1. Cβ-Cβ below 7 Å, separation at least six or inter-chain, first residue in segment 116-133 and closer than 14 Å to F160 by Cβ, second open to solvent by 10 Å² or more (accessible area, probe 1.4 Å) and of a type in the set (F, W, Y): which pairs?
2. Among (1) within 21 Å of A30 (Cβ to Cβ); (2) modelled with pLDDT under 85; (3) part of a helix (DSSP H, G or I), there is one condition A72 misses while meeting the rest; what is its number?
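The values are calculated or read from the model by the stated rules, or taken from the named source; none is laboratory data. Because the structure is a prediction, the values reported are computed rather than measured. Positions of Cβ are generated from backbone atoms using ideal geometry, with glycine treated the same way; all protein chains shown enter the neighbour counts. The protein model used for the area step is the full one, side chains on, heavy atoms only, and it has no ligands, DNA or RNA in it. Shrake-Rupley method; radii C 1.70, N 1.55, O 1.52, S 1.80 Å.
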Amino acid sequence: MIQEVLTERPPVVANGRVIRHGKLSAHYRALVQHIQAANLEPPASQTVETIGITSPARGAGVSTVAFNVAVAGAAHADMGPILLVDADVNKQSSWRLVQGSPTLGLADALAATADPMDCIINTSIANLSIVAGRGKAKHDELAFDPFRAAELLNEYKCHFKLVIVDIPAPTELNTSVYLAGKLDGVVLVIESE
């Protein structure tokens, strides 16, 4: 069913349900077009390959926005393969609504208990893959190593045209701000509809 919707316009997902309202999907398509346009402006050596999506506070709808931007990008013929990475390694990923419970996630790659490429989940949406945050492995409050995360993102950039990172809200206890600084751009969500 998702494939049928994608041929006309990317679906908009809210609370795990696909809704077909054209107004919001048009906004997500416009955001993807702005990302694509950034790659056309000089200097060509500084293309946008990684985009972070975050918010100053939890509950603003960052995961919803990140997912819908990824779906809109995957539906765009010129974008190529898209990878959506959930950078919140200390909680179960919300992406399980799309693809079921992941066996591996970013936490496993950061802890070096899994190959980063083995953490990628192919979805039923053409050109869209996902890396869950936690995966199934239990890492008690994994210390998020931003240097290792930057290495992983560089590896993912070699295989995907665009990597979208769902970054948890910055607090004094996480390194979201540092991670955002390692990306080519950041979208700040104030409040999602």
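1. I130/W95
2. Every listed condition holds for A72 apart from (2).
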